[in-house]
Amino acid sequence: MYKKSIYLFIYYTVLFMFVCLTFSALQHSFSQTGKLEDGVHADSIKVTMSTENPKLTIKQFVQNLQENDDSFFVLKNTSTTDMKRLSIHNAVFPLAGPKKIDSLPSNAALLSKAYENNIQGHNPPLISAYGKTYEVKKLFSPQETNLFLPASLYIGMNTNASLNGEFIVDGVSKNDLTKVLDAFVDESFQYELSDVRLALKDRLILVVKDQIIVIGVLLLTLILILVNTISTITTWLASREKEITVLFLIGASKAALRYKLLYDYWKIIIASFLAGISLAYFIYLSHVFDILFTDMQWQSIIVSFIFCFIFGTCITWPSILFYTRRYTIYKRGARS
């Protein structure tokens, strides 16, 4: 009996370890989807504008914003994924630290510290990118994420360009931004406002894409667990036949036998959980699987326990019901 209980303990320890690491990876990936690109604030607004009038320029748009707000910045994507245009006015650019930046001329740039060695000269420091040279006004720390490719260079906005494309406005309320956009009197001018934050559905899709290997292994493991657990539980119950026989002969009811077996199973589950969590935490600290598992939080530990507890109980309880039903009928026949 004890050998089978020890085997069950080891089995669930390994299971808890794997599930805990898996849910930790999924939770970390989900939390990463909540991080906004370029470090913008959650109340930032995405505005898509289009016009056929070349006289409507970004310069007019920025000047109109300045009349309503004295601290903001505007971002615009470029044709390359690692470079973006930035118009900043007496505002804090989150990636570049807590100090406000007065402005960023079109020939200046903010550069990622990862490319600090590419700076040419020191007075002023210069960086060459895509055939042009920019003066490096400030270095910033790159975003740590694997869900999108963070920009490494923010260059000053070309304010003479026409007002077309997708912009991110940070530091301006939605009402003020709407007033500025509605002030443009032009039949060809159109705009659309949207939230920069991803919807829950979009975040879950990103998690699946990011953790497709982990999720695939988890689903395969659950199938194997379903098959192996039934076999393991059946063997564990069979190893306790003598004990159950004694309890039955001294008057234990069928319900009492079932709940005792379930209670003993829960004790093994809890002990295995503590051992599995310890083993998972050791693996996390050892950085052996940093590519897949980079974080562990108490929420994922709790979710792992609830998942395994419910999953294991849902498999074990029918096995106990089936085993004690057959056992009770056999013993009643023996008594008569």
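Taking N as the number of residues in the range 115-266, what value does Rg over Cα atoms divided by 2.2 N^0.38 Å take?
Details: Rg = 32.4 Å, N = 152, 2.2 N^0.38 = 14.8 Å.
After normalising by residue count via 2.2 N^0.38 Å, the value is 2.18.
Taking the alpha-carbon centroid of each part, what is the distance from the range 124-141 to the range 51-76 in angstrom? The distance from the Cα centre of the range 124-141 to that of the range 51-76 comes to 24 Å.
Between S71 and C314, the distance separating the two model label sites (each 7 Å from Cα on the Cα→Cβ line) works out to 5.1 nm. Computed over the range 68-162, the P(r) curve from all C-alpha pair distances, binned at 5 Å from the origin, holds 3, 13, 25, 26, 20, 10, 3, 0 percent per bin. Just so you know, the averaged projected area of the alpha carbon convex hull for the range 53-102 sits at 4.4 nm².
Distance cut-off 18 Å, Cα to Cα: go down the list K113/K138; K76/K201; K46/K174; K99/K179; K46/K138; K113/K137 and report the pairs above it. Numbers along the way, then the final one.
Details: K113/K138 9 Å; K76/K201 25 Å; K46/K174 10 Å; K99/K179 29 Å; K46/K138 25 Å; K113/K137 12 Å.
From the list (K113/K138; K76/K201; K46/K174; K99/K179; K46/K138; K113/K137), the Cα-Cα distance tops 18 Å for K76/K201; K99/K179; K46/K138.
Our summary of shape: the Cα atoms of the range 224-285 have principal axis extents of 51, 22, 17 Å, ordered from largest down, in whole angstrom.
Could you work out [θ]222 nm for the chain from helices alone, using -39500 (n - 2.57) per DSSP H run of at least four and dividing by all its residues? Round to the nearest 500 deg cm²/dmol. All intermediate terms of the calculation are to be shown ahead of the outcome.
Details: 8 runs with 170 residues, N = 336.
The helix contribution divided over the chain gives -17500 deg cm²/dmol.
Let's test the formula: R0 of 35 Å, r as the Cβ-Cβ distance of I119 and L149. What FRET efficiency results, to the nearest 0.05? Calculated transfer efficiency: 0.95. Using R0 = 45 Å, the C-beta based FRET efficiency linking V246 and R197 works out to 0.10. A crude spin-label estimate for the pair K174 and K99, with each label 7 Å from Cα along the Cβ direction, gives 3.5 nm.
Since only S162, C308, F30 are under comparison, the one whose Cα sits farthest along the positive direction of the charge dipole of the chain, derived from C-beta charges on Lys, Arg, Asp and Glu, is C308.
Shown is the FRET efficiency for Y7 and K46, computed with R0 = 56 Å from the Cβ-Cβ distance and rounded to the nearest 0.05: 0.50. What angle, in degrees between 0 and 90 and rounded to the nearest 10, separates the Cα long axis of helix 2-33 from the longest principal axis of the Cα atoms of the chain? Approximately 10 degrees, to the nearest 10. Rounded to the nearest whole angstrom, the semi-axes of the ellipsoid equivalent to the range 140-217, taken from the Cα gyration tensor as √(5λ), stand at 34, 18, 12, largest first. Approximating the spin labels as points 7 Å out from Cα along Cα→Cβ, the I223-to-L285 distance works out to 3.7 nm.
Around S173, with a cut-off of 10 angstrom between Cβ atoms, what is the net charge of the other residues, counting Lys and Arg +1 and Asp and Glu -1? Don't skip to the answer; put the middle values down first.
Numbers: positive: K174, K179; negative: D43, D69, D176.
Net charge around S173: -1.
Pull up the DSSP beta bridges for the chain and report the antiparallel fraction as a percent, rounded to 5.
Values: 32 of 41 bridges.
Among the beta bridges of the chain, antiparallel pairing accounts for roughly 80 percent.
Axis angle, to the nearest 10 degrees, between helix 212-238 and the longest C-alpha principal axis of the chain: 10 degrees. Taking all Cα-Cα distances within the range 9-150, those exceeding 20 Å account for 61%.
Which number do you get for Rg(Cα) / (2.2 N^0.38 Å) in the chain? Intermediate results must be reported in sequence, preceding the final value.
Details: Rg = 30.9 Å, N = 336, 2.2 N^0.38 = 20.1 Å.
That works out to 1.54 for the chain.
Any read-out appearing in this document is the output of simple, stated calculations on the displayed coordinates, not a laboratory observation. Source: prediction; values computed, not measured. Quick reminder, even Gly has a Cβ in these numbers, built from the backbone with ideal geometry, and neighbours come from all protein chains shown.
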